[in-house]
Amino acid sequence: MDLKDAFEKAVKESKELPSKPDNETLLRLYGLYKQATEGDINTENPPGMFDFVAKAKYDSWLKLKGITAGDAMQQYISLVTQLSNKVS
């Protein structure tokens with residue numbers, strides 16, 4: 001299985017985790033997914049200061065700027081594997 005296939009499998013598994021991850025982990029998954037699928041954040045206009053959810057997502061993705069798609073995929077796969085193996 002190549003990296004892209006493993007990533008797509010991890011994306012599917014992320015929706016079927018035994019328990020919902022905390023918000024910080026969800027933001028990490030979001031940022032890694034966006035970095036893996038779209039690359040560096042492509043907007044210079046951050047969300048408004050009162051749009052807390054959009055701002056948190058923007059910041060999570062922005063922190064990953066410069067990481068290659070392959071590295072982001074690998075980190076995403078590792079995080080989902082770790083979350084899947086946690087006993088609730």
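The values are calculated or read from the model by the stated rules, or taken from the named source; none is laboratory data. Because the structure is a prediction, the values reported are computed rather than measured. Please note: Cβ atoms are built from the backbone with ideal geometry, for glycine as well, and neighbour counts cover all protein chains shown.
May I ask you to list the residues in the stretch 63-88 that are over 22 Å from Lys4 (Cβ atoms) and either in a loop (DSSP other than H, G, I, E, B) or touching a residue at least 24 places away in the same chain (Cβ under 8 Å) (or both)? Before the answer, list the steps.
Pass one, the stretch 63-88, residues over 22 Å from Lys4 (Cβ atoms): 63, 85-88.
Lys63, Lys86, Val87, Ser88 - these are the residues of the stretch 63-88 that are over 22 Å from Lys4 (Cβ atoms) and either in a loop (DSSP other than H, G, I, E, B) or touching a residue at least 24 places away in the same chain (Cβ under 8 Å) (or both).
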> Quick one: would you say Ala54 is over 15 Å from Gln82 (Cβ atoms), free of Cβ contacts under 8 Å to residues at least 24 places away in the same chain and part of a helix (DSSP H, G or I)?
Replying inline: yes
>> Given the criterion of a type in the set (Ser, Thr, Tyr) and over 15 Å from the mean Cα position of the chain (by Cα), identify the matching residue among Ser78, Ser19, Ser14.
In response: Ser19
> What is the number of the single condition among (1) under 26 Å from Asn85 (Cβ atoms); (2) loosely packed, with under 11 Cβ neighbours inside 10 Å; (3) at pLDDT 95 or above that Leu32 does not meet?
Replying inline: (2)
> In the stretch 4-40, which residues are assigned to a loop (DSSP other than H, G, I, E, B) and either touching a residue at least 24 places away in the same chain (Cβ under 8 Å) or of a type in the set (S, T, N, Q) (or both)?
Replying inline: Leu17, Pro18, Ser19, Pro21, Gly39, Asp40
